[in-house]
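**Student:** Just dropping this structure here.
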Amino acid sequence: MANIEEKVENLICKTIEDLGYELYDVIYEKEAQDYYLRIFIDTPTGISLEDCEKVNDAINDMLDEANYIKDQYFLEVSSPGVERVLRKEKHLQDNLGKEIVCNLFKPIEKEKQIEGVLQEVDKDKLILQIEGKEEVREIQRKDIAKMKLKYHWN
């Protein structure tokens, strides 16, 4: 499915940028019996429902004509949200110094979720400063199932 995501990203990126948005991510996935193509857009000032509609209208025909996805699917255009998922190198680099949550495939030292400030990133590992402790944790990227920004809800 990653190949479909890359093809779609390459197809729609310029159109989305020309509309004044950043293409944050493209995710194609199956949930139950349905397929979803999720397009995440962003701007420094946030995303409105009207922004999502504008992008949807601009890319819908392009996606149909390209016909990269043979199965019937639902197209969703949205903001990545405040607790955005970090899947790409750019996402990690853009969020150095910010607090993130790493969900692990299996527990490490009895923890399946580790939170901390992202200090360093390389192709094999992340280094997190654990909040409220003098502890720095190194996490192998192969052990991470999902990463996202941590937002403090008040």
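**Student:** Which one of these is among the aromatic types (F, W, Y) and under 26 Å from D94 (Cα atoms): Y24, Y35, Y68?
**Tutor:** Values: Y35 fails: under 26 Å from D94 (Cα atoms); Y68 fails: under 26 Å from D94 (Cα atoms).
Being among the aromatic types (F, W, Y) and under 26 Å from D94 (Cα atoms) holds for just one of Y24, Y35, Y68, which is Y24.
**Student:** Shifting gears a bit: Here are some residues: L23, L19, L11. Which one is in contact with a helix residue (DSSP H, G or I) (Cβ under 7 Å, 6 or more places away or on another chain), over 21 Å from D143 (Cα atoms) and crowded, with 18+ Cβ neighbours inside 10 Å? Spell out how you get there, then give the answer.
**Tutor:** Working: L19 fails: crowded, with 18+ Cβ neighbours inside 10 Å; L11 fails: crowded, with 18+ Cβ neighbours inside 10 Å.
Unique residue meeting the criteria: L23.
**Student:** Shifting gears a bit: Can you name every residue in the stretch 72-99 that is free of Cβ contacts under 8 Å to residues at least 40 places away in the same chain and β-branched (V, I, T)?
**Tutor:** Passing the criteria: only V77.
**Student:** Shifting gears a bit: Mind listing whichever residues of the stretch 125-140 are more than 18 Å from E83 (Cα to Cα) and either part of a strand (DSSP E or B) or modelled with pLDDT of 95 or more (or both)?
**Tutor:** K125, L126, I127, Q129, V136, R137, E138, I139, Q140
**Student:** So, one more: Taking the stretch 37-48 as the search range and keeping residues that are more than 15 Å from I59 (Cα to Cα) and of a type outside the set (V, I, T), which one is surrounded by the most Cβ atoms within 10 Å (Cβ to Cβ)?
**Tutor:** D42
**Student:** Name the pairs: first residue in the stretch 27-45 and polar (S, T, N, Q), second residue surrounded by fewer than 13 Cβ atoms within 10 Å (Cβ to Cβ), Cβ to Cβ under 8 Å, at least 6 apart or on different chains?
**Tutor:** Pairs that qualify, where the first residue is polar (S, T, N, Q) and the partner is surrounded by fewer than 13 Cβ atoms within 10 Å (Cβ to Cβ), are T43/G20.
**Student:** Here is a check on your reading of the model: is K54 on the phi < 0 side of the Ramachandran plot, in contact (Cβ under 8 Å) with a residue 12 or more places away in the chain, out of contact with any helix residue (DSSP H, G or I) (no Cβ under 8 Å at 6 or more places or on another chain) and open to solvent by 60 Å² or more (accessible area, probe 1.4 Å)?
**Tutor:** On the way: on the phi < 0 side of the Ramachandran plot: yes; in contact (Cβ under 8 Å) with a residue 12 or more places away in the chain: yes; out of contact with any helix residue (DSSP H, G or I) (no Cβ under 8 Å at 6 or more places or on another chain): yes; open to solvent by 60 Å² or more (accessible area, probe 1.4 Å): yes.
Taking the combined requirement at face value, the residue satisfies it.
**Student:** Follow-up. Among the residues of the stretch 84-104, is any of a type in the set (A, V, I, L, M, F, W, C) and either in contact with a Ser or Thr (Cβ under 7 Å, 6 or more places away or on another chain) or open to solvent by 80 Å² or more (accessible area, probe 1.4 Å) (or both)?
**Tutor:** Our first condition is that a residue be of a type in the set (A, V, I, L, M, F, W, C); within the stretch 84-104, this holds for 85-86, 92, 96, 100-102, 104.
Still in the list and also either in contact with a Ser or Thr (Cβ under 7 Å, 6 or more places away or on another chain) or open to solvent by 80 Å² or more (accessible area, probe 1.4 Å) (or both): none.
Checked against the condition, which is being of a type in the set (A, V, I, L, M, F, W, C) and either in contact with a Ser or Thr (Cβ under 7 Å, 6 or more places away or on another chain) or open to solvent by 80 Å² or more (accessible area, probe 1.4 Å) (or both), the stretch 84-104 yields no hits at all.
The values are calculated or read from the model by the stated rules, or taken from the named source; none is laboratory data. Predicted model only: the values in this text are computed from it and were never measured. Virtual Cβ from ideal backbone geometry, glycine too; neighbours counted across all protein chains shown. Please note that ligands, DNA and RNA were not included when accessible areas were found on the heavy atoms of the full protein model with its side chains. Shrake-Rupley method; radii C 1.70, N 1.55, O 1.52, S 1.80 Å.
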